[in-house]
Amino acid sequence: ERRRLLRARRLLRARGCEQVVLYLLRPEYATALDLLPHDVSCYAIRDEYSFSEIERPLDPLEAALIARVDQVFISSRVLLERKGAINPHTLWTPNGVDFTAYATPAAEPVDMREIPHPRIGYIGWIKEQIDLPLLLTLAQRHREWSFVLVGPARASGEDAVVLEALRGLPNVHVLGARPHASLPGYFQHVDVSVMPYRPTAYTKYIDPLKLRQGLASGRPVVGSPIPGAMDFKDVVVMASTPDEWSMAIEAALAPSAMLPARVSARQGGAKAHDWGGLVDRIASEMATRLASR
């Protein structure tokens, strides 16, 4: 590992880089701090890396890493509350969106053209954090809606059984993984974007990318009331029970949901989180740490 890291450093030096920032994306990479000479070290906390669905104490190894690096970036407000006091050089940098890509009108994807409206879309990983039984209940209850699931699937156990039941419904369309560059078209050509997260210790800490992507498209967004969505509670409808979800989606399908003022409010919330501005903040903080060295 040391040889691989040093080779990367030599390649950077050969390209004219005079200062090296060691940017760690997971706690298990902490060993790199002692293997590679560098000018500044950063640790990006973009997730709760225990991935536990029940609350666990902070891993002492991760706490030690947070304390040791020169700069910490944390994406979620709840993660900031949990881990933000360890290192004085900690900055909240929420997830963002390529606003122009998602707000600029895109062609309707070919595999959606035959799917009837109204379309209720979930676009993202189909995994254990997604409430598949809720989606099954809604799809069975509302045969007049088309449910469109776009993204790779990782379902096991009972979730795998539920996913197969969803595939068997005539109003459910499981399209699978699609190239990232094509996702704006899917967000723009559903009638409502949904984020049906299970309330767990893991989803308590997430900061969903699909939230900003859905808002940037201008379409109504309905989601579970996880903390990561609460900053957008003025433009995202929250729902918990199947009855609340039914009512929220019905309201989102009303013509009034697409009035220009409401579309503008949703897109305005997303535009404030454009990656351009967020990357500037991250780069500026790195520059500050380099200057202090």
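Can you name the residue in region 30-43 that is outside any strand (DSSP E or B) and among the small types (Gly, Ala, Ser) and is also least open to solvent (accessible area, probe 1.4 Å) among such residues? Per the criteria, the residue is ALA32. Within region 267-280, which residues are in a helix (DSSP H, G or I) and in contact with a strand residue (DSSP E or B) (Cβ under 7 Å, 6 or more places away or on another chain)? Correct list: ALA270, TRP275. Within region 215-244, the set of residues being part of a helix (DSSP H, G or I) and either free of Cβ contacts under 8 Å to residues at least 60 places away in the same chain or within 25 Å of THR100 (Cβ to Cβ) (or both) comprises LEU215, ALA216, SER217, GLY228, ALA229, MET230, ASP231, PHE232, ASP243, GLU244. Counting the residues of region 121-160 that are aromatic (Phe, Trp, Tyr) and over 21 Å from GLU250 (Cα atoms) gives 1.
Just checking, does region 129-151 include any residue being modelled with pLDDT under 95 and open to solvent by less than 20 Å² (accessible area, probe 1.4 Å)? Taking every residue of region 129-151 in turn, at least one turns out to be modelled with pLDDT under 95 and open to solvent by less than 20 Å² (accessible area, probe 1.4 Å). Inclusion of ASP234 among residues that are open to solvent by 30 Å² or more (accessible area, probe 1.4 Å) and out of contact with any strand residue (DSSP E or B) (no Cβ under 8 Å at 6 or more places or on another chain) is warranted. Only residues that are farther than 19 Å from LEU132 by Cβ and at pLDDT below 95 were counted in region 205-226, giving 3. For beta carbons closer than 7 Å, sequence separation of 6+ or different chains, a first residue in region 1-29 that is surrounded by 14 or more Cβ atoms within 10 Å (Cβ to Cβ) and a second that is part of a helix (DSSP H, G or I) and among the charged types (D, E, K, R), the qualifying pairs are VAL20/ARG9; PRO27/GLU62.
If you take the residues in region 137-174 that are in a helix (DSSP H, G or I) and of a type outside the set (A, V, I, L, M), which one is nearest to the chain's Cα centre (by Cα)? Here the answer is ASP159.
Conditions (1) hydroxyl-bearing (Ser, Thr, Tyr); (2) touching a Phe, Trp or Tyr at 6+ places or on another chain (Cβ under 7 Å); (3) open to solvent by less than 30 Å² (accessible area, probe 1.4 Å), marked per residue:
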{"position": "ALA177", "(1), (2), (3)": "no, no, no"}
{"position": "PRO184", "(1), (2), (3)": "no, yes, yes"}
{"position": "THR203", "(1), (2), (3)": "yes, yes, yes"}
{"position": "PRO208", "(1), (2), (3)": "no, no, yes"}
{"position": "ARG212", "(1), (2), (3)": "no, no, yes"}
{"position": "ALA216", "(1), (2), (3)": "no, yes, yes"}
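Close Cβ contacts (under 7 Å, 6 or more residues apart or on different chains) running from residues in region 160-189 that are of a type in the set (Gly, Ala, Ser) to residues that are outside any helix (DSSP H, G or I) and open to solvent by less than 20 Å² (accessible area, probe 1.4 Å) comprise ALA177/GLY151; SER182/PRO109; GLY185/PRO109. Taken over region 245-261, residues that are without any contact (Cβ under 8 Å) to a residue 12 or more places away in the chain, in a helix (DSSP H, G or I) and not small (Gly, Ala, Ser) amount to 4. Note on region 44-121: enclosed helices (runs of 4 or more DSSP H) holding 1 or more residues that are open to solvent by less than 50 Å² (accessible area, probe 1.4 Å) and touching a residue at least 60 places away in the same chain (Cβ under 8 Å) are 77-83, 99-103.
Assess whether PRO242 counts as being touching a helix residue (DSSP H, G or I) at 6+ places or on another chain (Cβ under 6 Å), surrounded by fewer than 19 Cβ atoms within 10 Å (Cβ to Cβ) and not small (Gly, Ala, Ser). Yes.
The values are calculated or read from the model by the stated rules, or taken from the named source; none is laboratory data. Note that the structure is predicted; figures quoted are calculated from it, not measured. Cβ sites come from the backbone with ideal geometry, for glycine too, and all protein chains shown count toward neighbours. All accessible areas refer to the heavy atoms of the entire protein, side chains included, with ligands and DNA or RNA removed. Shrake-Rupley method; radii C 1.70, N 1.55, O 1.52, S 1.80 Å.
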